[in-house]
Each structure stands twice: as structure tokens, then as C-alpha cells.
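Inspection log for the structure reproduced underneath, given as C-alpha cells.
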Amino acid sequence: MESQGPIYGQDEPDELDSQPHDPRVVVTKGSPWLIDRGRRERWSAPEFVTAHAVDVRQVGDPVLHAPGKKPRIDKKELEPLVQRMFASMVEARGIGIAAQQIGVPLRVVIIDVDDVGIVAVNPEVEFQSADVDEMSEGCLSVRGLYGMLERPLIARVSAVDITGKKFTFEGEGLGAQCMLHETDHTTGVLYVDRLRSRKDLFPVEPEEPGEPHHSVSGHTREEMERATSR
């Protein structure tokens, strides 16, 4: 999922998301393996990103439009995959990524809203609230565009971590949006497949060199109109 907030090492916060807020994704059951502070510092270092990041596959690539497979590999093989996914996400300025987006057809996703660092293997949606909200949504695999899409305000997902331990996590607002967006990737669904109409798809103006990175996800139609009209 394309970034909605500040990027690692960015000096200026995103003006659309500068207010304090409670964590938008929380683990509610279990103690999963996470991309903790130490891993985050090592894996987001420029030299690590340069060595491990790969190009994110773009809409139309067959790997994005087919369901992923259940991983049958252990932590020794999953962790290097997660490293490549994380580095690619950092390079592309994301807050979530699926293995399929780097060309690996496995059901593995990273959810990184508010630096939560969740790695979910075989994620399954357990609950979605009836209450929905229309929010802007971008995707690393649909660059240069964002859509206005209704998503549930609250979601709960169960998964296993890379060591095989079961856990459950919940999200609200942007957190729920990201969880559902990445879980959709594991079934071969992109957010553009869920749009009511192509009229809900809009271009994102390219940033000028040195310009602060602006968000494309998690905002109302009015906020996006104000931000993109400048």
C-alpha cells in the first residue's frame, strides 16, 4: 500500500497526517515475530535497501492477479523474503507490501502503519465492521494514481508469523484499510478492482526533486482535492 504518512528519515511530516493519534493497528492475540526497532534500523539503512530492494511489479503483471500460495518454507527461507519485501517497501515509500508485489506468489504481507512491523503469513479476514468510510487509497503496484474507495472502519485479521505462531491483529481507519488492502493482494485482488467506477480513480501529480512526500491513502475526498489542487 502506498505511503500515507512520513517516510523513514523524512524531515518534514505529511501535512495531511500531522496530528497525534492512537495506534491504528494492534496485536490483540499472541506475541508474533515482528520487524522490531533493531531490524527496522538495519533494514531501512540506505546500503541495505540498495542491496535488497527489487522493482515492485505493476498492474497487469500476472503474479498480481492470481491468488498466492500458502508458504511451505521455514523461517530461514521466509526471513530473507521479508527482508526483500521490507527494503522494496521502503524504497517505494510504502506502509505495506505483499510478496506478490515483488514477484513471489506466496501469501505473505507486511503491515507497517505507524511502524507496527507486522508480518502476516496466510492472513485471513475474521471481521469487518458494517460501518464504512470513503477514503483515498493508493498502491505501490498502481503508481501515479489513487482511488476513492469505501472500506470498513474496523477490521480483524488472523495469521501466523514467520515462525509459525498464530496471532490476531485489529485495525481502525487507515490501519483497517491497509490490512484489507494487503490481504486482498494475497487473493489476486487490487484496490482498482473494487472501485465502483473508473471515475473514482485520479492521477497523482509527480513530486519535484526535494519536495516533501505527500500521502495518497487514508484521506477524505475533500482533503485530497485540497492537497492536489496546489
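A short reminder: the numbers here are calculations on the coordinates, not readings from a lab. Owing to the predicted nature of the structure, the values given are computational and were not obtained by experimental measurement. Neighbour counts are summed over all protein chains in view; Cβ atoms, including those assigned to glycine, are modelled from backbone coordinates with ideal geometry.
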- Coarse-grained scattering of segment 15-228 at q = 0.11 Å⁻¹, given as base-10 log I(q)/I(0) from a Debye sum over alpha-carbon atoms: -0.49
- Task: Only residues of segment 82-114 count here: report those whose backbone N is under 13 Å from the spot 7 Å along Cα→Cβ of K70, or say none.
- Result: 107
- From the cross-link list K75/K166; K29/K76; K69/K199, which pairs have alpha carbons spaced over 22 Å apart? K29/K76; K69/K199
